[in-house]
Amino acid sequence: MPIFSSVKSGLWSDPATWGEVSDYPQSDGDSATINVGHIVTLDVATDKTITILMSGGNLRNGSHTIKTGLVLTYPLVGWLLEM
């Protein structure tokens, strides 16, 4: 179960957003952390269960859906989930 962490703002499906060469959070059991100051735009739909930790970053919905078993936020202020 891969663990992804944003290194910059960008599209969910862009591996560069996650500091990867060819992968992004897209499989059951994957975990994704959106770090402070980063805005990640959900540009793909998935029916996979992905754990999302918003560590001061923002998740913006680009008209797609994501199934998540858990969304954790830290700190409890300074984040935004735009759906």
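When S9 is tested against the conditions (1) in contact with a Phe, Trp or Tyr (Cβ under 7 Å, 6 or more places away or on another chain); (2) modelled with pLDDT of 80 or more, the lone failure is (1).
Here's the yes/no breakdown for (1) touching a strand residue (DSSP E or B) at 6+ places or on another chain (Cβ under 9 Å); (2) among the aliphatic types (A, V, I, L, M); (3) not in a loop (DSSP other than H, G, I, E, B):
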{"residue": "A16", "(1), (2), (3)": "yes, yes, yes"}
{"residue": "S22", "(1), (2), (3)": "no, no, no"}
{"residue": "Q26", "(1), (2), (3)": "yes, no, no"}
{"residue": "G29", "(1), (2), (3)": "yes, no, no"}
{"residue": "T33", "(1), (2), (3)": "yes, no, yes"}
{"residue": "G37", "(1), (2), (3)": "yes, no, no"}
{"residue": "T41", "(1), (2), (3)": "yes, no, yes"}
{"residue": "D47", "(1), (2), (3)": "yes, no, no"}
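Residues that are exposed (fewer than 14 other Cβ atoms within 10 Å of the Cβ) and of a type in the set (G, A, S) were ranked within region 1-42; the one that is farthest from G56 (Cα to Cα) is S22.
Might you let me know whether region 74-82 holds any residue that is hydrophobic (A, V, I, L, M, F, W, C) and at pLDDT 85 or above? Checked against the condition, which is being hydrophobic (A, V, I, L, M, F, W, C) and at pLDDT 85 or above, region 74-82 yields no hits at all.
The values are calculated or read from the model by the stated rules, or taken from the named source; none is laboratory data. Predicted model only: the values in this text are computed from it and were never measured. Quick reminder, even Gly has a Cβ in these numbers, built from the backbone with ideal geometry, and neighbours come from all protein chains shown.
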